[in-house]
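Working notes, beginning with the structure itself.
The values are calculated or read from the model by the stated rules, or taken from the named source; none is laboratory data. Owing to the predicted nature of the structure, the values given are computational and were not obtained by experimental measurement. As a convention, Cβ positions derive from the backbone with ideal geometry for all residues, glycine included, and neighbour counts pool all protein chains shown.
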Amino acid sequence: MSNQIASREQWSGAWGFILAAAGSAIGLGNIWKFPYIVGENGGGAFVLVYLLCIAVIGAPVMICEFALGRHTQRDPVGAFKALAPKTSVLAHLVGLAVLLAGAFLLLFRCWGWGALLIGLGLLIFRHGWVLVGAMGVVAGFTILAFYSVVAGWTLGYVWKAAAGQLDFASVEAAKAHFVQFTFNPYWAVGCHFVFVMLCVLIVYKGIKSGIERWSKILMPVLLLIMLALIIRSLTLPGAMDGVRFYLTPDFSKINAGSVLTALGHAFFSLSLGMGAMITYGSYLDRKENLFSSTLSVVGLDTLIALMAGLAIFPAVFAQGFQPDAGPGLVFLVLPTVFHQIPLGAFWAFLFFLLLLIAALTSGISLLEVVTAYFVDERGWKRHRAAVVFGGAIFLLGALCAVSVTDISDWTRLEKLHAVLLKVFGSTKASFFDTLDNLSSNWLLPLGGLFISLFTGWIWGTKHALDEIRHGSSNFGDVHLISLLAGLKDDPSHNAGVHVVTLASLWGIFIRFISPVAVLIAFLHTIGWLKLT
Ligand code: TRP
């Protein structure tokens, strides 16, 4: 094993790592989803709530993931294997709760769910914390399957924009085209295939000459395109209405639901909760500063999300469209907006290229989690793991792609759907929505919950802090109170008295605040807790 660790690849330095991690974080979530949820949830007010979630929960959890990865130098499963105790009361309690829930469901003749929970309970008893890492690998697989379908659409749109085919006079025409495009299995599956292949090629090349190299090329390009789009958008006549809509706080629209939306999105956007950041952290040298790297990654991710809104809303308003088109905003409204501005095809091309780049650097991080598991734990060659699992993800995604051909209809997967219906009761959602729902609403929040609990209570904030301090020795010693009071040079600042330090605040967040917040959000999304 020591041999294996000695030959393990590493990032060439802090910037390679930061850009790769930012590349993972910055994705469809920032550009496609963030603007429209801001639009739906009260503009600037929602942005403030989101920033709070990022600062209070997102960043502390991200530094945990980095520390877990760097300390163990392993994939998520290996990381938990290395640190988890043989028996853990907490894990047994969770296992017991799941078993009881399963038995309860069986009593009520919910055979499918009951059996699933019993199986899960037994797995928890057998594997304990290691299961959290395994859940991450599974999530990487399922997220990439549907993520790459949407990414495939953007790829198709880049192509079509270049060919001058994205020219629609009305949103209806754009919609007709979009439906025709996504319903056409050759296009939908073909583009999905090309996207997965790009991810495989990059991951195949390894950490330094694959992921890091491409992140260093693609992330600056992404930033430049974004800047160009913002300038174009803000200089359209009437653009300021869009800025006002986007950023004017409307606190009446903020309720518990929007706070939880913000929290869930913070997790998704920062790529937390499934070990992507554990995996990226595991290729980092111990001399690098985890604290400042985390700040950079979080800052870049937030910056790009905010910028995306500034690129989109002013243009939408200036051309007289409604901003509340939801998920369809990007594929239906924007092509029509571009139609109305000079050189529209060029701007459409740039926009979809931006979306494609963002999706690509996120896609590779998802594939890397799966690949790292097979390389570290199963002793596979990286090349083989990347190709085999890229292929498997392509197949699962292809099912997804054809399942949306009739938005919420399973006609093409009739048999599979019939089986699922029998086992799990009614499922109206398409296969695509099912995978999306499974990963975004279940696997990620649960992963985030257990990663905080594990760091806070099992591995221990003390050990995590020791890891974080390698390369950022001052992390724990910033005495916030004296700093805020301007008393940094006062003798009391370094005296042994108990003052609030950044490290102590972080510990409290990890042990109490983030598990509770994530649990509430989780119970809310699965409908067990009704908050208005
Ligand atoms: N963060 C990416 C986005 O905003 C998606 C993503 C990539 C992701 N890797 C992840 C989400 C890991 C959760 C976990 O689009």
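The one condition from (1) crowded, with 22+ Cβ neighbours inside 10 Å; (2) more than 16 Å from the ligand (Cβ to nearest atom); (3) modelled with pLDDT under 90 that LEU329 does not meet is (2). Every test in (1) closer than 18 Å to ILE357 by Cβ; (2) modelled with pLDDT under 95; (3) more than 16 Å from the ligand (Cβ to nearest atom); (4) of a type in the set (A, V, I, L, M) is passed by VAL179 save one, and that test is (1).
Does PHE389 satisfy the criteria of being more than 16 Å from the ligand (Cβ to nearest atom), modelled with pLDDT of 90 or more and assigned to a helix (DSSP H, G or I)?
Working: more than 16 Å from the ligand (Cβ to nearest atom): no; modelled with pLDDT of 90 or more: yes; assigned to a helix (DSSP H, G or I): yes.
So PHE389 does not fit the description; no.
Residues in the range 270-289 that are farther than 11 Å from PRO76 by Cβ and more than 13 Å from the ligand (Cβ to nearest atom): 7 in all.
For the range 151-167, which residues satisfy the criterion of being among the aliphatic types (A, V, I, L, M) and at pLDDT 90 or above? Give the derivation first.
Keep residues of the range 151-167 that are among the aliphatic types (A, V, I, L, M), which gives 151, 155, 158, 161-163, 166.
Residues satisfying the conditions are ALA151, LEU155, VAL158, ALA161, ALA162, ALA163.
Find the helices (runs of 4 or more DSSP H) located wholly in the range 1-66 whose residues include 3 or more that are buried (at least 18 other Cβ atoms within 10 Å of the Cβ), and list them. Working first, answer last.
Numbers: elements: 2-6, 14-25, 34-40, 44-53.
Because the criterion is at least 3 residues that are buried (at least 18 other Cβ atoms within 10 Å of the Cβ), the helices (runs of 4 or more DSSP H) in the range 1-66 that meet it are 14-25, 34-40, 44-53.
Pairs are defined by a Cβ separation below 6 Å, a sequence spacing of at least 6 or placement on different chains, a first member in the range 14-39 that is at negative phi, and a second member that is of a type in the set (Lys, Arg); the pairs so defined are LEU19/LYS216. Checked against the criterion of being crowded, with 21+ Cβ neighbours inside 10 Å, within 16 Å of the ligand (Cβ to nearest atom) and closer than 24 Å to ALA266 by Cα, the range 80-91 has no qualifying residue. Tell me yes or no: at least one residue of the range 256-269 is under 29 Å from VAL77 (Cα atoms), among the aliphatic types (A, V, I, L, M), buried (at least 18 other Cβ atoms within 10 Å of the Cβ) and within 13 Å of the ligand (Cβ to nearest atom). Yes.
Regarding VAL158, is this residue in a helix (DSSP H, G or I) and under 15 Å from GLY27 (Cβ atoms)?
Details: in a helix (DSSP H, G or I): yes; under 15 Å from GLY27 (Cβ atoms): no.
No.
I need a count of the residues in the range 205-240 that are under 19 Å from VAL330 (Cα atoms) and either at pLDDT below 90 or of a type in the set (Lys, Arg) (or both). I'd like the intermediate steps shown before the answer.
So the first thing to find is which residues in the range 205-240 are under 19 Å from VAL330 (Cα atoms), and the list is 222-223, 225-234, 236, 239.
Those still in the list that are either at pLDDT below 90 or of a type in the set (Lys, Arg) (or both) too: 232.
Total satisfying the criteria: 1.
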